[in-house]
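A short worksheet on the structure shown next.
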Amino acid sequence: MNLEILKYDDSRTLAAKRLHILNSAYRLFLEKGIDPVTMVAIASAAGVTRRTLYNYYENRDLIAEDLQILTVEKVNWFDRLRNRLSPGSDLFEALMGFARELLKFHLDEMRFITKFDNYFADSYPSDKFPRYLADRFSTLDREIEVPSAFVTIIQVYLAYLQRLVMIAGDSAFDYAEHEEHIALFTRTIVRGFEGTT
Amino acid sequence: MPHIEESRTRKRNREQILQTAYEMIAERGLFILSISDLARQARLTRRTVYNYYETFRELLADLHPLVIKHFTDECEHWLEKTGTDRIFKPESGGPLYSLFSAMNAVMHDDPQMLRYLVRLDHFLAANPDLLERSLHPAPYIVQHGGIREALRELCDEARAEELALMAAESFIAYTERITFRRGAFSQAGMPRAADFHEYLSIMINGILQEARG
């Protein structure tokens, strides 16, 4: 993980330790969800004292928020989708490829993002994540112009994929098992979109 | 309230417990709810609460049908009030359109109910056995919304079931993502989601085409 996007003014040693803390917390969150994980548990998993941990983070929620930014950046929905949607590309194939990539190769990331989204459904721990999103979107806005119906289908599509991951819970998610259903949903959305616009 | 023969005090306590549970689930979700918290909030002793409900499963078995009943009544009321046609017309998407519009409108008008339903849905994903499956949001919509029956006019039963369930799941995904999180998203300056009806017409259009083959 590259911490640059988090904009800390860490020395190299501090950055290495921060990365280690974040990695340890990430594994705990993935395993247990956000709520049951305490600062004590994170300190112990990272093998640092509580005092050290508090030097880096005031509370657990801020750790989760940093991880959310890193994870969304890593999954990189925006570029991933844009790359697949070059002019003349088939929308169905593009979305299926997108879903396959996310659910086959980035399942843990999808799980983390889903856990975070659900837990912080009302409000985020601070304005750091919304500011990151705003930055990301303002760049995107300048680069591409899309009809609002398209934004809607992408939002619904992502929400639907996240929902599949959520319903599967922590049990193994076998993409092949879900592929037929995902294809049905993708086709429905694409036919609906093409029939409406 | 459930039809249980009991004294006036017991009835009042039970109502107090269920009302408090409803508010707390809407506010905080079920993940962090304990009987002790519930008792404190309801201003009853733990022992008293246990007297009525020993587990959350028992509590939800009473509470959830009440919420659903209230919700569906409100939807019916909305349909009447707006004069929305419930009669199935394949071209217009009939029940899909009216049912989802009603649900969307009712949830907009009653954010506490929206919160309750979304929170419950999140919890059920991790604990599916907590509620009888027919009371889970998507199967419930399929069972009572008339979508499956409407689609059956266009395709066979298995296909109608599959498409109806997908429509319900998609509606829930949309609601959670866009209605429920609107605050968080608009704060982020995300492109505002196009109107609900845009989503609905895309979805209905697609489903009708799929049903026709």
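The values are calculated or read from the model by the stated rules, or taken from the named source; none is laboratory data. Not measured: the values here are computed from a predicted model. Glycine also receives a Cβ, built like all others from the backbone with ideal geometry; neighbour counts cover every protein chain displayed.
The set of residues in segment B:8-20 being buried (at least 18 other Cβ atoms within 10 Å of the Cβ) and within 21 Å of the chain's Cα centre (by Cα) consists of B:Ile17, B:Leu18, B:Thr20. One residue stands out in segment A:58-106 among those that are among the acidic types (Asp, Glu) and within 15 Å of the chain's Cα centre (by Cα): the one that is nearest to A:Ile34 (Cα to Cα), namely A:Glu65. Only one entry in A:Ser138, A:Ser86, A:Ser126 is out of contact with any strand residue (DSSP E or B) (no Cβ under 7 Å at 6 or more places or on another chain) and at pLDDT 85 or above, namely A:Ser126.
Of the numbered criteria (1) under 22 Å from A:His178 (Cα atoms); (2) within 13 Å of the chain's Cα centre (by Cα), the one B:Gly145 fails is (1).
Yes/no matrix, rows are residues, columns are (1) at pLDDT below 90; (2) closer than 19 Å to B:Asp121 by Cβ; (3) surrounded by 14 or more Cβ atoms within 10 Å (Cβ to Cβ):
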{"position": "B:Met1", "(1), (2), (3)": "yes, no, no"}
{"position": "B:Tyr22", "(1), (2), (3)": "no, yes, yes"}
{"position": "B:Arg47", "(1), (2), (3)": "no, no, no"}
{"position": "B:Leu60", "(1), (2), (3)": "no, yes, yes"}
{"position": "B:Ile68", "(1), (2), (3)": "no, yes, yes"}
{"position": "B:Ile87", "(1), (2), (3)": "yes, no, no"}
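Of the residues making up segment A:153-184, those that are surrounded by fewer than 19 Cβ atoms within 10 Å (Cβ to Cβ), touching a helix residue (DSSP H, G or I) at 6+ places or on another chain (Cβ under 6 Å) and farther than 17 Å from A:Glu101 by Cβ are A:Ile167, A:Gly169. Exactly one residue among B:Ala39, B:Ala26 is small (Gly, Ala, Ser), touching a residue at least 60 places away in the same chain (Cβ under 8 Å), assigned to a helix (DSSP H, G or I) and touching a helix residue (DSSP H, G or I) at 6+ places or on another chain (Cβ under 9 Å), and that residue is B:Ala26.
Residues in segment B:24-38 that are crowded, with 16+ Cβ neighbours inside 10 Å and either more than 17 Å from A:Ala121 (Cβ to Cβ) or polar (S, T, N, Q) (or both): B:Ile35, B:Leu38. Residues that are among the polar types (S, T, N, Q) and assigned to a helix (DSSP H, G or I) do occur in segment A:70-81, at least one of them. Being over 30 Å from B:Leu120 (Cα atoms) and either within 15 Å of the chain's Cα centre (by Cα) or modelled with pLDDT of 90 or more (or both) holds for only one residue in A:Ala45, A:Ala25, and it is A:Ala45.
Among helices (runs of 4 or more DSSP H) entirely within segment A:84-197, having at least 2 residues that are within 24 Å of A:Asp66 (Cα to Cα) and either of a type in the set (A, V, I, L, M, F, W, C) or within 11 Å of chain B (Cβ to nearest Cβ) (or both) singles out A:107-119, A:128-143, A:148-168.
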